[in-house]
Amino acid sequence: MNEQNQNQGEHLNAFERMINVFFSPGKAMASVAAKPSWVLPVILVTLISIVFTMSAKQVIIHETLTKQEQKMLERDMDPDQIDEILSRTEGWMNISMPIGALVFPVIMIVIVSAIYLFVGNVILGGSASFKPVFAVTAHAWLIFSVGSLVALPIVLSKETVQVSFSLATLLSEQARETFLYQFLTKIDIFAIWYLGVQSIGLAAVYNMSTKKMATTLAILYLLYAVIASSLAAIF
């Protein structure tokens, strides 16, 4: 880490780092990379996850049950059996959703950080420990959290979680099960913003060019988008 990044890391407190993720990501990530800390951003990401999940809980449950019922009707299942399955599913979701909102963001940040650590150390030939990679990922994840807060009023007003800030909005509702629609939903404005900030953070950690890191992350994300979209279109 160069001297400039070390100096920036000395005078930014935890709240300044989180604020600057949105307005001056280079400054924020240099500070995080120099003196890694992750507790506050993880807490904030988790709190926002809980707020979103509990606020949109009924919408999520209703939409999930509706899709599940439609699939079972297409298979000509017995109505009583359908009602029993839907009742069990609703009960399970009422219990699992709050727990998922609490633990899922942390699990995702840990998994994604581990992938970045492997890519940075093994594929790109850098050298870093897990802590700084986890710290910059936790800060960059705030972008997704803001995205969920922006989406929340739309989810509640339209009563659907199928909200996208991507070119997928230009496609018809009938196209939602297609690969193209699923792929475009992955390439939304918050995902692009996140990748940019994450690239800046990892570039600071590994002392590499942001361009090189951004190219690497873009390839990784496109690979993920293709695989996830293919599976979504099939199942």
Quick calc, the chain, dipole around Cα centre from Cβ unit charges on Lys, Arg (+) and Asp, Glu (-), nearest 20 debye, gives 1040 debye
One quarter of the C-alpha convex hull surface, i.e. the mean projected area of the range 3-234 in nm², amounts to 13.7 nm²
Pseudo-spin-label distance V103 to E84, built 7 Å along Cα→Cβ, given in nm, is 2.9 nm
Sorted largest first, the C-alpha extents of the range 166-235 along its principal axes in whole angstrom are 46, 21, 12
At q = 0.11, 0.13, 0.16 1/Å the base-10 log of I(q)/I(0) from the Debye formula over the alpha-carbon atoms of the range 87-170 is -0.49, -0.64, -0.85
From the cross-link list K67/K211; K67/K212; K131/K186, the entries with a Cα-Cα span beyond 31 Å are K67/K211; K67/K212
PRE zone check, label point 7 Å out along Cα-to-Cβ of N207, amide N under 12 Å, scope the range 124-143, hits 126-128
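What number, in percent, do you get for the relative contact order of the chain if the mean sequence gap of Cα pairs under 8 Å and at least 6 apart is divided by its residue count? Intermediate results must be reported in sequence, preceding the final value.
Working: 254 pairs, mean separation 60.0, N = 235.
Answer for the chain is 26 percent.
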Once the in-chain neighbours fewer than 8 apart are removed, the aspartates and glutamates whose Cα is under 19 Å from K57 read E69, E90, E159
Semi-axes (Å, rounded, descending) of the ellipsoid equivalent to the range 1-135 per its C-alpha gyration tensor are 44, 18, 11
With 0.36 nm assigned to each residue of separation and the Cα-Cα distance removed, L156 to S172 gains 3.7 nm
Assertion target for R88, R176, R75, ordered by fewest C-beta neighbours within 10 angstrom first, is R75, R88, R176
Simple spin-label estimate for F22/L40, 7 Å along Cα→Cβ, in nm, reads 1.5 nm
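None of the figures in this text is laboratory data; all of them are computed from the coordinates on show. Here the structure is a predicted model, which means the values were calculated and not measured. Neighbour counts are summed over all protein chains in view; Cβ atoms, including those assigned to glycine, are modelled from backbone coordinates with ideal geometry.
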